[in-house]
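The block underneath contains the structure these notes are about, expressed in structure tokens.
Every number in this text was worked out from the coordinates using simple rules, so none of it is lab data. What you see is a predicted model; the values in this text were computed from it and never measured. Quick reminder, even Gly has a Cβ in these numbers, built from the backbone with ideal geometry, and neighbours come from all protein chains shown.
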Amino acid sequence: MDDRTYAVDAEPGETVTVAGWVHEIRDLGGIAFLILRDTTGKIQVTFEKDEMDEVLVETGLGVHRESVVAVTGAVKEEERAPTGVEVTPESVEVVAEADPELPLDPSGKVDADLSTRLDNRTLDLRKDEVKAVFEIRAEVLRAVREQFRELGCTEINTPKIVATGTEGGTELFPITYFGREAFMNQSPQLFKQLMVGSGLERVFEIGPIFRAEEHNTPRHLNEATSIDFESAFYDHTEAMDACEAVVRAAYEGVADNCADQLETLDLAGEFEVPDEPFLRLTYEEAIERINATGALDEQLVWGDDLPTEGEHALGEEVGQHYFITDWPSEIKPFYIKDHDDDPDLSTGFDMMHPTMELVSGGQREHRYDRLVDGFEQQGLDPEQFDYYTKMFRYGMPPHAGWGLGGERLVMTMLGLGNVREAVIFPRDRQRLSP
Ligand code: AMO
């Protein structure tokens, strides 16, 4: 069906049919140009009014911007054309006419605010710099998948409708499931852990997580894409090594395969794959360094969560990706294992971009009795998690893993101002459609 030639492939000497959107019409009097845009780029269609059929000229130049047209004609070299070639039209078909009033201007000449852009994402994604973000996002996911395969992982898909939450009760979205209360899953945490005791041993999942976050911030979504990893016989340091490898692979994939997109985003000169190894700071060192910056009104003490301003001050000092390790056990979830020689200290870690947290992970508690105690300490009813805990009685190896926010990875990689720019159709407190 699609026997058209892409704009980028139109070679001088050929007669082709190009099809796409009317990017712009420039009428200079005797001569006029229709700039046609498809997914590969733009091509100039040149109308010499006195020498061409009147109906053809009227059809080609009378069409509204952003209409879909198919143009058949000979391609010839033309130095002054944006791509060095132009099409002399023999026929022009208006395939789908666009309204003259557009809710946003895909040529980018008129700025639109983020809300208008998200309401009209189809038109927004006609802009090169927006399209580039999603092409890069796709490359990130490709490169990450490939790296996971190199690490010996099997890709899994786990349920998104669940009976219980794992990452904090207030952030759950309840739904009705055949008359019973159920929830949208906050994390594949328990499912991926169950797989390390299966014959698969080392797994990854890339899928949606749902968080009923109260926060309406530039880095929180209510539906996000989590890149999850879990491996049998790994400790937290090996999990951190895998995390570094995956994040670096994402950057390398983009550096190797997205030169055009980086150019479009004006990042070509400055895009750098992060150096290895990432600095590993303990929580204690992190709070000392934050306190020393003087960025906070009150000094942090052991057991405090790190406030956003503190993370920023530390991130600015470190200036690259880094880990924060050895968190106080009390502020990490029940499934994180404590250090054997110090129960107040956990094996949990976060991986930070200088501007925000990207990853949480750790070694997991795989000893049945301690796991059940952990549920109780966190105010959760272990019986509700019986499907999970009982498998720890049938041979569950030591294991470790982490979860990486896909949108935050793309956002920080490209320096986007808002995480919503890395999601085609974001879900936030105000936005449930499109
Ligand atoms: P955590 O809750 O820290 O850990 O989530 C892991 C990473 O997912 C991303 N993320 C979000 N991104 C955008 N909007 C949100 N609302 C949001 N919530 C989380 C962040 C975060 O660092 N089960 C553990 C992971 C593990 O231990 O394996 C978990 O979910 O980048």
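Neighbour counting of Cβ atoms within 10 Å sorts the residues Thr176, Thr59, Thr166, Thr83, fewest neighbours leading, into Thr176, Thr83, Thr59, Thr166. Measuring r between the beta carbons of Glu51 and Tyr6 and using R0 = 30 Å, the FRET efficiency lands at 0.65. Summarising the overall dimensions of region 59-110 from its C-alpha atoms, the Rg and Dmax are 13.3, 36 angstrom. Compactness ratio for region 245-398: Cα radius of gyration over 2.2 N^0.38 Å (N = residue count) comes to 1.29. Which residues among region 216-243 fall inside the zone where the amide N is under 20 Å from a point 7 Å beyond the Cα of Ile175, along Cα→Cβ? The answer is 221-228, whose backbone nitrogens lie closer than 20 Å to the label point.
Taking each residue as 0.36 nm, the span from Ser433 to Asp256 lengthens on full extension beyond its C-alpha to C-alpha distance by 60.2 nm. Taken along the Cα-to-beta-carbon direction at a fixed 7 Å, the label points for Asp344 and Glu298 span 2.0 nm. Cα centroid separation, region 100-170 to region 399-420: 11 Å. Sequence-distant contacts, meaning Cα pairs under 8 Å at least 6 residues apart, place the relative contact order of the chain at 13 percent.
Using only C-alpha atoms and all pairs of different ones, pull out the Kirkwood radius for region 349-397 in Å with one decimal.
Radius from the Kirkwood sum: 12.6 Å.
Each label point was placed 7 Å from the Cα along the Cα-to-Cβ direction; for Ala245 and Glu167 their separation is 2.4 nm. Judged by the gyration tensor of its Cα atoms, with axes a ≥ b ≥ c, region 7-96 is rounded; a/c sits under the 1.5 cut.
Across the alpha-carbon set of region 1-160, the Rg to Rh ratio works out to 1.10, Rh being the Kirkwood radius.
In order along region 242-249, the phi-based Karplus estimate (6.51 cos²θ - 1.76 cosθ + 1.60, θ = phi - 60°) of 3J(HN,Hα) comes to 5, 5, 4, 4, 6, 5, 5, 4 Hz; Gly and Pro are listed as x. In vacuo Debye scattering of the chain, one point per C-alpha: log10 I(q)/I(0) at q = 0.09, 0.10, 0.11, 0.14 Å⁻¹? Log10 of I(q)/I(0), two decimals: -0.69, -0.80, -0.91, -1.25.
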